[in-house]
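Presented below is the structure to which this report refers.
The values are calculated or read from the model by the stated rules, or taken from the named source; none is laboratory data. The model shown is predicted, which means the values in this text are computed figures rather than measured ones. Here the Cβ positions follow ideal geometry from the backbone for every residue, glycine too, while neighbour counts run over all protein chains shown.
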Amino acid sequence: MGQFVYLYRGAERNRSPEQTQEAMQKWMAWFKQLTEKGHIKDPGQPLEFAGKLVKGKQKTVTDGPFAEAKDVIGGYTLVEARDLNEAVELSKGCPIFEVEGAVEVRPVMKLNM
Amino acid sequence: MDPNEHLFRREAGRMVSTLTRVFGVHNLALAEDVVQDAFCRALEVWKFSGVPENPAAWLMATAKHRALDVLRRERTARAFAPELGRLLESEWTVAPAVEELFGANAIKDDQLRMMFSCCNPRLAEEAQVALVLHILCGFSIGEVASAFVSSEAAIEKRISRAKKVLARSKRLFDVRGADDFSGRLPAVHRALYLLFNEGYHGASPESAVRTELCHEAMRLTTLLLNHPLAATPATHALAALMYLHAARLPGRIDASGNLSSLVDQDRSRWDSRLVAEGQRFLDLSATGSELTEYHVEAAIAAVHAMARRTENTDWGKIVSLYDTLMTIRPSPVVALNRAIAVAQHEGPERGLEEIRAINSDRLATYPFYHAALGEFEFRSGKPEIAREHFRRALAVARNLMERRFLEDRLAVCERPAAAGSCCDRKARLNS
């Protein structure tokens with residue numbers, strides 16, 4: 001078993017109330033399914049879409065957003081899966097794909113001591 | 001979250017109404033942005049943390065915080081509601097002012113205020129209903145378009161024009177009596193009636209019965225009933241008609257998910273609580289001298305509700321109520337329903353006569369017009385002609401349920417042995 005982080009990319013905007021409801025239900029269903037199968041290590045947190053970027057030796061501070069809306073990370077979840085393949089397969093149920101978002105699946109580095 | 005709850009749709013209406021009062025009616029678009037924003041936040045946060053215990057309060061509190069941000073940021077740059085002017089002069093007064101503007105007492109009549117404002121006489125009736133659906137019931141442009149069986153472009157145009165008229169009206173309708181309350185009330189009734197009908201007879205391609213539309217209309221009607229000036233006999237009649245029809249909704253779809261006509265319905269599935277409530281509203285509507293179409297339609301629904309079995313239906317009374325309705329609000333659909341009642345009362349040949357006397361131009365795309373012709377031809381012993389009518393009905397059917405219902409009727413017409421037994425089948429269409 002390994003741990004993986006899902007980084008959700010893409011802001012979901014301009015939905016009607018009913019579409020918001022549907023999106024909510026789909027996310028809940030997906031999380032519930034992963035939880036029941038024991039894959040959720042930490043459901044994670046949502047992130048604000050605006051913030052600050054601190055960069056370089058000068059430590060220059062600039063305002064977000066840092067990228068196009070479709071690339072902004074909106075939250076993360078820590079999951080457990082057999083391997084990267086399984087983590088990828090599990091991510092395919094994420095409702096974010098319906099709004100042309102993306103899930104970045106990153107294995108957490110293992111410390112093989 | 002209960003999938004049938006439509007939380008966001010319902011809260012959208014409440015929140016936009018309150019925010020529009022706070023920002024001023026000319027800032028309707030800003031109010032909508034703030035609601036959209038609160039919904040996005042809810043979606044982002046709830047995904048991870050689950051739905052809070054009181055989601056409606058969470059949403060309204062989020063909207064309040066956003067409103068406070070907006071007022072702080074733009075208090076000098078943008079004109080808000082005139083009553084706010086003085087409170088926005090100082091940074092210190094903004095927060096307590098907002099707190100008060102979102103207080104339970106302040107938000108009590110917001111939806112009613114918005115409802116009356118949407119039914120502005122400068123707007124055509126269909127624009128008013130579109131606006132009510134869009135603003136108070138949280139329907140997107142696309143959802144309003146499908147409710148009206150209209151194109152999205154046409155509805156987009158209609159709603160944006162209507163919003164401009166609303167924004168130019170300078171202030172929201174005063175529901176405490178300073179404005180012409182009784183003059184505006186019939187338009188509000190009409191809008192809610194059309195909303196209910198859309199849910200009950202739905203022209204939507206997805207489903208024939210969209211219970212949630214009916215429930216929305218009933219929810220908004222309840223707001224009228226709870227307001228001293230709005231709780232008139234006509235409002236009670238409207239509520240009666242909605243409750244008496246809603247009582248039949250559980251029977252309209254049979255156990256296998258198919259549309260079931262009024263006469264075939266398992267009447268034990270009718271909601272007796274709603275029947276009793278509807279009957280109570282009907283009694284309360286019988287004061288004063290005004291007889292509205294809602295009174296008559298509610299009375300018709302009450303006759304059906306009172307017949308425990310289809311055979312006990314007082315069709316003579318129903319025909320005479322339809323006669324009255326034709327004098328108050330004549331329409332081809334009312335005429336068709338009247339003809340169906342006549343057929344029940346005096347036989348299929350008389351029903352056919354009545355249907356043929358209706359100007360059918362506007363009924364050509366209405367599946368139940370052709371289905372009624374098919375049904376009565378079949379009962380008159382002409383299954384070949386009946387089949388043609390049912391095929392025509394099928395060609396204009398608007399959803400799977402209607403299609404299945406009509407296919408079933410067509411199949412019955414094709415069964416030669418069934419011809420004899422069909423005569424005791426009463427109107428299947430008057431559902």
- Answer with yes or no whether B:Ala106 is under 22 Å from B:Gly13 (Cβ atoms) and aliphatic (A, V, I, L, M). yes
- Query: Considering B:Gly351, B:Gly381, which residue is surrounded by fewer than 17 Cβ atoms within 10 Å (Cβ to Cβ) and in contact with a helix residue (DSSP H, G or I) (Cβ under 8 Å, 6 or more places away or on another chain)?
  - Reply: B:Gly381
- Keeping to region A:1-20, report how many residues are more than 10 Å from chain B (Cβ to nearest Cβ) and either over 30 Å from B:Glu156 (Cα atoms) or among the β-branched types (Val, Ile, Thr) (or both). 8
- Query: Do you know which residues across region B:88-116 are hydrophobic (A, V, I, L, M, F, W, C) and either in contact with an Asp or Glu (Cβ under 8 Å, 6 or more places away or on another chain) or closer than 19 Å to B:Leu30 by Cα (or both)?
  - Reply: B:Leu88, B:Val94, B:Ala95, B:Ala97, B:Val98, B:Leu101, B:Phe102, B:Ala106, B:Ile107, B:Met114, B:Met115, B:Phe116
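Tell me the helices (runs of 4 or more DSSP H) entirely within region B:1-116 that contain at least 1 residues that are within 14 Å of chain A (Cβ to nearest Cβ) and buried (at least 21 other Cβ atoms within 10 Å of the Cβ). Can you show your working first?
Working: elements: B:7-23, B:28-49, B:55-74, B:91-101, B:104-107.
By residue number, B:7-23, B:28-49, B:55-74.
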- Note on the structure: In region B:133-176, residues that are hydrophobic (A, V, I, L, M, F, W, C), touching a Gly at 6+ places or on another chain (Cβ under 9 Å) and outside any helix (DSSP H, G or I) total 2
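Can you work out which of the residues in region B:133-160 that are among the charged types (D, E, K, R) and within 14 Å of chain A (Cβ to nearest Cβ) is surrounded by the most Cβ atoms within 10 Å (Cβ to Cβ)?
Here the residue is B:Glu143.
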- Message: Yes or no: region B:280-294 includes at least one residue that is part of a helix (DSSP H, G or I), charged (D, E, K, R) and under 21 Å from B:Leu195 (Cβ atoms).
- Response: yes
- With a cut-off of at least 1 residues that are within 21 Å of A:Leu78 (Cβ to Cβ), name the strands (runs of 3 or more DSSP E) lying wholly within region A:1-57. A:2-9, A:40-46
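Just name the residue that is surrounded by the most Cβ atoms within 10 Å (Cβ to Cβ) out of those in region A:56-113 that are among the hydroxyl-bearing types (Ser, Thr, Tyr) and away from chain B (no Cβ under 14 Å). Outline the logic, then answer.
Initial filter on region A:56-113 (among the hydroxyl-bearing types (Ser, Thr, Tyr)): A:60, A:62, A:76-77, A:91.
Then drop every residue that is not away from chain B (no Cβ under 14 Å), which leaves A:60, A:62, A:91.
Numbers: A:Thr60: 9, A:Thr62: 9, A:Ser91: 22.
Ranking the candidates gives A:Ser91 first.
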- Inspect region B:257-269 for any residue being more than 20 Å from the chain's Cα centre (by Cα), of a type in the set (Asp, Glu) and assigned to a helix (DSSP H, G or I) and give the result as yes or no. yes
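Per-residue answers, yes or no, for (1) modelled with pLDDT of 95 or more; (2) surrounded by 19 or more Cβ atoms within 10 Å (Cβ to Cβ); (3) under 23 Å from B:Asp264 (Cβ atoms):
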residue	(1), (2), (3)
B:Glu290	no, no, no
B:Tyr294	yes, yes, no
B:Ala307	no, no, yes
B:Thr313	no, yes, yes
B:Asp323	yes, no, no
B:Pro332	no, no, no
B:Gln344	no, yes, yes
B:Gly347	no, no, yes
- Item | Which listed residue is closer than 30 Å to B:Gly13 by Cα and touching a Ser or Thr at 6+ places or on another chain (Cβ under 8 Å), from A:Gln25, A:Gln19 | A:Gln19
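Filter region A:21-55 down to the residues that are of a type in the set (S, T, N, Q) and within 18 Å of the chain's Cα centre (by Cα), then identify the one that is farthest from the other protein chains (Cβ to nearest Cβ). Write out each step before concluding.
So in region A:21-55, the residues of a type in the set (S, T, N, Q) come out as A:21, A:25, A:33, A:35, A:45.
Checking the rest, the ones that are also within 18 Å of the chain's Cα centre (by Cα) come to A:25, A:33, A:35, A:45.
Details: A:Gln25: 6, A:Gln33: 14, A:Thr35: 11, A:Gln45: 6 Å.
Among them, the one singled out is A:Gln33.
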